[in-house]
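Remarks on the structure that follows.
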Amino acid sequence: MDGSIAGIGKLDAPPLLTVEQGRLVSAEGGKAGEELLRMLGDGDGRSLGEFGIGTNDKARVTGVILEDEKVYGTIHVAFGSNNTFGGTVAAGVHLDCVVSGPDVYLDDKKIMEKGKLLV
């Protein structure tokens with residue numbers, strides 16, 4: 001994560017997150033990773049609950065997650081609850097994390113390269 005994290009803000013030193021089988025198992029590199037794990041807890045808060053692609057070319061990463069997650073050329077993932085929008089996880093926490101300039105594949109097809117949509 002190199003953009004921002006909900007509840008933490010804009011990142012100076014991005015943590016490296018490791019997700020296995022839909023669950024956040026580690027966040028290495030700096031205080032942001034430690035704080036993210038603390039806020040999510042050890043239970044369902046670590047479940048991967050959302051994936052989104054930013055499409056707003058007027059939005060900027062400022063540390064305010066409601067804008068950050070919409071910035072064109074970014075993606076965001078959220079950990080925790082997703083039951084309020086059709087999912088099944090009710091964890092009591094939902095934290096979005098923003099990545100700038102990613103490559104994204106969907107069913108082995110690249111749909112985003114370095115933050116630029118290809119479709």
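Observations
- The lone exception for G73 - which of (1) under 13 Å from the mean Cα position of the chain (by Cα); (2) in contact (Cβ under 8 Å) with a residue 24 or more places away in the chain it fails: (1)
- Single residue of V89, V99 found to be in contact with a strand residue (DSSP E or B) (Cβ under 7 Å, 6 or more places away or on another chain) and more than 18 Å from D2 (Cα to Cα): V89
- When restricted to residues that are outside any loop (DSSP other than H, G, I, E, B) and loosely packed, with under 13 Cβ neighbours inside 10 Å, segment 4-22 contains 3.
- Residue check for D68: of a type outside the set (F, W, Y), touching a strand residue (DSSP E or B) at 6+ places or on another chain (Cβ under 8 Å), closer than 26 Å to L117 by Cα and in contact (Cβ under 8 Å) with a residue 12 or more places away in the chain: yes
- Residues in segment 11-63 that are on the phi > 0 side of the Ramachandran plot and free of Cβ contacts under 8 Å to residues at least 40 places away in the same chain: Q21, G22, G29, G30.
- Across segment 79-91, the qualifying residues are those that are in contact (Cβ under 8 Å) with a residue 40 or more places away in the chain and under 17 Å from the mean Cα position of the chain (by Cα), and the one among them that is farthest from G41 (Cα to Cα) is V89.
- Members of segment 83-119 found to be of a type in the set (S, T, N, Q) and open to solvent by 80 Å² or more (accessible area, probe 1.4 Å), listed by number: T84, T88
- Pick from segment 61-82, criterion assigned to a helix (DSSP H, G or I) and either open to solvent by 60 Å² or more (accessible area, probe 1.4 Å) or modelled with pLDDT under 95 (or both), ranking: nearest to L24 (Cα to Cα): L66
- Selected residue (criterion: nearest to V98 (Cα to Cα)) from residues of segment 24-60 that are open to solvent by less than 70 Å² (accessible area, probe 1.4 Å) and among the charged types (D, E, K, R): E50
The values are calculated or read from the model by the stated rules, or taken from the named source; none is laboratory data. Since the model is a prediction, treat every value here as computed from it, not as a measurement. Counting neighbours? That spans all protein chains shown, and the Cβs are built from the backbone with ideal geometry, glycine included. We work out accessible area using only protein heavy atoms, side chains counted, and drop any ligands, DNA or RNA first. Shrake-Rupley method; radii C 1.70, N 1.55, O 1.52, S 1.80 Å.
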